[in-house]
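Every number in this text was worked out from the coordinates using simple rules, so none of it is lab data. Note that the structure is predicted; figures quoted are calculated from it, not measured. All Cβ positions, glycine included, derive from the backbone under ideal geometry; neighbour counts span all protein chains shown.
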Amino acid sequence: MELTASHLLSVIWAGAGTFIYNYQTLIAGVLAIGAAWYAGAPVWRQLKDSNLQTRIMHRETLAIRLREAEERAVRVAKAIDDPLWKAQDVTSGPAGEPLEITEHDAHGVEQMILGRLDWYLITLEGTEDAAVEEAKAALKAALKDLTDTLSDVHWPAHNDQSGEDYSMTDEEWAEVLQKAEDGKKLATAKISAAWKANRALKGAQQASIDGLRRQIAALDQSIARNT
């Protein structure tokens, strides 16, 4: 039996109608999804652009933090390394053997250290990463221990047993003199402890700086993939 063109067309339309009837829910869903995608395409593009701008802004914020951290680390090192080198020089002989610090040198080193890092250890306390703050606290304690010992060493050389607003008994004055003698022997160890705390702070600062650099590098890669 030969099919005419009109008969073939009728069969196709009938099949299509049956298919649409049987799958009308699925077809409606597909059409709805397509319409939603078409309508939402500008929104998705806008969201993508917004996320990109957010990453760029975050990258700039990290760059500022990195620059500040690097500058701060250099400034801290310059502020504390010099007095610690001076302290080491006056408590070490030509061959590196330990020497007792004199009253004059104890006073000079103490004055070099006192207040020098207040801008960082006190004013900027609690403003950095936890590891850096822990190292800062340790250095602050080590410097306080050192300057207290240096004060013990030179105090009797600049003061008497009695003054305008104080008067010590012989026993109290003997204790002050003994602390001065003990301090001369303890100063070398206190300086070493301060150096150790100083190195630990530098290590914590560098670790924080390296972490910021890694974050920036990751953001640079993410931004490059989306531009």
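Cβ under 13 Å from SER92's Cβ, SER92 left aside: what net charge do those residues give with Lys, Arg +1 and Asp, Glu -1? Each step should come with its number before you reach the end.
Numbers: positive: LYS86; negative: ASP89, GLU97, GLU100, ASP105.
Counting the neighbours of SER92, the net charge comes to -3.
Residue by residue, what Karplus-based ³J(HN,Hα) values in Hz, rounded to whole numbers, does the range 72-83 have, using 6.51, -1.76 and 1.60 with θ = phi - 60° and x for Gly and Pro?
Once θ is set to phi - 60°, the couplings for the range 72-83 become 5, 4, 5, 5, 5, 4, 5, 6, 9, 5, 4, x Hz.
Hey, can you grab everything whose amide H is under 5 Å from the amide H of SER92? Only 5+ residues off in sequence or another chain; H modelled, so Pro and N-termini drop out.
The answer is LEU99.
Mind ranking 54-62, 201-209 by how tightly packed they are, going by the mean number of other C-beta atoms within 10 angstrom, highest first?
Details: 54-62: 13.8, 201-209: 18.4.
Output ranking for 54-62, 201-209: 201-209, 54-62.
Taking the simple approach of a point 7 Å from Cα along Cα-to-Cβ for both ASP160 and GLU134, what is their distance in nm?
Placing both labels 7 Å along Cα→Cβ, they lie 5.2 nm apart.
How far apart, in nanometres, would the label points at ALA174 and THR102 be if each is projected 7 angstrom from Cα along the Cα-to-Cβ direction?
About 2.9 nm separates the two model spin labels.
Starting from 0.36 nm per residue, how many nanometres of slack lie between ASP89 and ARG65 once their C-alpha separation is accounted for? All intermediate terms of the calculation are to be shown ahead of the outcome.
Values: separation 24, 0.36 × 24 = 8.64 nm, distance 3.58 nm.
Value of the extension gain: 5.1 nm.
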